[in-house]
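Step one of this worksheet: look at the structure below.
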Amino acid sequence: MDADIIVIGASPAGLMAARNACEKGSSVLLLEKKEEIGNPPHPANSFFKGMLDKCGEVADPSYVVHYLKGMQIISPSGRIVEVETPGYAIDKTKFDRFYAEKIMKTGVDLRKSIEVHDILRDGEKFSVNTSTGVFRSKLVIISDGINSKMASILGLNTMKHPEDIAWGIELEVRARDLGKPKMFEYYIGNHAPGWKTTYSPRGGDNAAIGAYVRRCGKDATPYLNAWVEKFKKLKGLEELEILRTLSGGDPIVTLPNEYITDGIMVVGGAAGQSGIGYAMRAGQICGDVAADAIGKGDVSKNALSEYRKTWEKEFRAEHYLGRIGLETLRKMTDREIDEMVAVFEKEDLSFIHGSSVEQAMQVFAFILKKKPSAIWKYRALLRNK
Ligand SMILES: Cc1cc2nc3c(=O)[nH]c(=O)nc-3n(C[C@H](O)[C@H](O)[C@H](O)COP(=O)(O)OP(=O)(O)OC[C@H]3O[C@@H](n4cnc5c(N)ncnc54)[C@H](O)[C@@H]3O)c2cc1C
């Protein structure tokens, strides 16, 4: 046996799962196919404090490139809803390395340049076949990202709605003072079907701009190209230097489905758990449950289902409400989106707090009080589109 637990992929979810399992006494081997942690980087480049709070982590200045005050949600005709909430533009390579170094200090055996090819059940053990040989463990955690080959090899349908993966492209761009504003900007509407285009200031002259779409194929390039031209006009830019292009899939509304079986747990993007903070928290839960199962000598699906129960208790409502929200948005016309945003424009929304269900109720009550007829716009969800 090479370790109690083998974790596949040094993703935010995998790093946390490895750390928590190790801290609870399991021996953990973390296998990562990249030669260097965080290189090439994943396109994710920012998060809000609320997301990090969920996993009890604090942003570290070593990877923060720019501090944000909040976000603006901008409708097709330019109506703005402003939400004050601290956020961070990050250097994702430094972020990954920060956590990799931290978790190695807890005793995790992190090995790079090892690509996992297959997982075979061998009685009570697993044989993990890799580019450098076979490793054996009692339990395997799969955290190999959105295109999880390992989960599909095992026949796990990890997402309820895989057709709803959002495909996105992020450009790192540069123009004079482009990185100085303190607000992240989300542009919603049918120029980006199913989700958004973005502008994330990254300090000085640097920024990231992106386009994310759903049900439009895996290549968001046409939407991104149109966004670049629109963005230049909006910001009065004649030139925009493009430094780097990164792309990928984000399971923002796919909802986790089948992510546990005997001796196997799937976590992070691979399990339809989107976002750095959410993936990290899911990793923590997964790592804790895995170590407990090893301690009790029972890695059956039933024993591991504590991972599902805890995750559902913390995030199920939020994920379901998020899906309903983005599905409604995908089906709305630009005019309906404008009318919806108008209800919240220039309003102080700081009264919204509590659990996601409480927040949804508060928003519902606010609409009813301010403009009851606006509720009617949400019938778009029922459209067959
Ligand atoms: C374009 C884009 C932009 C995004 N921006 C943001 C953002 O700004 N903020 C945010 O919170 N979220 C963002 N997301 C979502 C977020 O990035 C992911 O949900 C988050 O990174 C979770 O990633 P993960 O833990 O599932 O895995 P990943 O970060 O994808 O990591 C998977 C790891 O597994 C390794 N691996 C894969 N296969 C193998 C194998 N066979 N053997 C060994 N190792 C393997 C990979 O090399 C990689 O290191 C974005 C997503 C996309 C697509």
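The values are calculated or read from the model by the stated rules, or taken from the named source; none is laboratory data. Everything numeric here is computed off the predicted structure, so don't read it as measured data. Backbone-built Cβ (ideal geometry, glycine too); neighbour counts: all protein chains shown.
With the condition being touching a residue at least 60 places away in the same chain (Cβ under 8 Å), I'd like the helices (runs of 4 or more DSSP H) fully within the stretch 308-385 carrying at least 3 qualifying residues. Walk me through how you get there before you give the answer.
Details: elements: 317-331, 334-344, 356-370.
Counting at least 3 such residues, we get 317-331, 334-344.
Of everything in the stretch 249-280 that's at positive phi and surrounded by fewer than 24 Cβ atoms within 10 Å (Cβ to Cβ), which residue is nearest to the ligand (Cβ to nearest atom)?
Going through the qualifying residues, I end up with 275.
Scanning the stretch 128-152 for residues that are within 9 Å of the ligand (Cβ to nearest atom) and part of a helix (DSSP H, G or I) yields a count of 2. Taking the conditions exactly as written (of a type in the set (Lys, Arg), out of contact with any Asp or Glu (no Cβ under 9 Å at 6 or more places or on another chain) and assigned to a helix (DSSP H, G or I)), does residue 19 satisfy them or not? For residue 19, the condition - of a type in the set (Lys, Arg), out of contact with any Asp or Glu (no Cβ under 9 Å at 6 or more places or on another chain) and assigned to a helix (DSSP H, G or I) - is met.
Scanning the stretch 153-202 for residues that are touching an Asp or Glu at 6+ places or on another chain (Cβ under 8 Å), of a type in the set (A, V, I, L, M) and away from the ligand (no atom under 12 Å from the Cβ) gives 156, 173, 175, 178, 183. Per the listing 31, 15, the residue uniquely of a type in the set (A, V, I, L, M) and either more than 9 Å from the ligand (Cβ to nearest atom) or farther than 20 Å from residue 277 by Cα (or both) is 31. Taken over the stretch 138-152, residues that are of a type in the set (D, E, K, R) and either touching a residue at least 40 places away in the same chain (Cβ under 8 Å) or in contact with an Asp or Glu (Cβ under 8 Å, 6 or more places away or on another chain) (or both) amount to 2. Would you confirm whether any residue within the stretch 327-334 is crowded, with 17+ Cβ neighbours inside 10 Å and within 16 Å of the ligand (Cβ to nearest atom)? No: zero hits. Every listed requirement among (1) within 23 Å of residue 268 (Cβ to Cβ); (2) under 22 Å from the mean Cα position of the chain (by Cα); (3) buried (at least 19 other Cβ atoms within 10 Å of the Cβ); (4) in contact (Cβ under 8 Å) with a residue 40 or more places away in the chain is met by residue 163 save one, (3).
Of the candidates 119, 103, the single residue that is in a strand (DSSP E or B), buried (at least 18 other Cβ atoms within 10 Å of the Cβ) and not assigned by TED's automatic domain parsing to the domain that holds residue 338 is 119. Out of all the residues in the stretch 229-243, is one or more in contact with a Gly (Cβ under 9 Å, 6 or more places away or on another chain) and basic (Lys, Arg)? No; the residues of the stretch 229-243 include none that is in contact with a Gly (Cβ under 9 Å, 6 or more places away or on another chain) and basic (Lys, Arg). Surrounded by fewer than 18 Cβ atoms within 10 Å (Cβ to Cβ), in a helix (DSSP H, G or I) and more than 16 Å from the ligand (Cβ to nearest atom): does that describe residue 303? Against the criterion (surrounded by fewer than 18 Cβ atoms within 10 Å (Cβ to Cβ), in a helix (DSSP H, G or I) and more than 16 Å from the ligand (Cβ to nearest atom)), residue 303 does not qualify.
Given the criteria surrounded by 17 or more Cβ atoms within 10 Å (Cβ to Cβ), at pLDDT below 95 and outside the structural domain of residue 123 (by TED's automatic domain parsing), does residue 344 qualify? Outline the logic, then answer.
Working: surrounded by 17 or more Cβ atoms within 10 Å (Cβ to Cβ): yes; at pLDDT below 95: yes; outside the structural domain of residue 123 (by TED's automatic domain parsing): yes.
Yes, satisfied.
For the subset of the stretch 210-228 comprising residues that are of a type in the set (Val, Ile, Thr) and surrounded by fewer than 22 Cβ atoms within 10 Å (Cβ to Cβ), which member is farthest from residue 198 (Cα to Cα)? My answer is 221. Residue 242 meets the conditions (1) surrounded by fewer than 24 Cβ atoms within 10 Å (Cβ to Cβ); (2) of a type in the set (A, V, I, L, M); (3) touching a Ser or Thr at 6+ places or on another chain (Cβ under 6 Å) in every case but one. The failed one is (3). Listed by first and then second residue, the pairs with beta-carbon distance under 6 Å, at least 6 apart or on different chains, first residue in the stretch 243-262 and over 10 Å from residue 158 (Cβ atoms), second of a type in the set (S, T, N, Q) and assigned to a loop (DSSP other than H, G, I, E, B), are 250/274; 252/274; 262/300.
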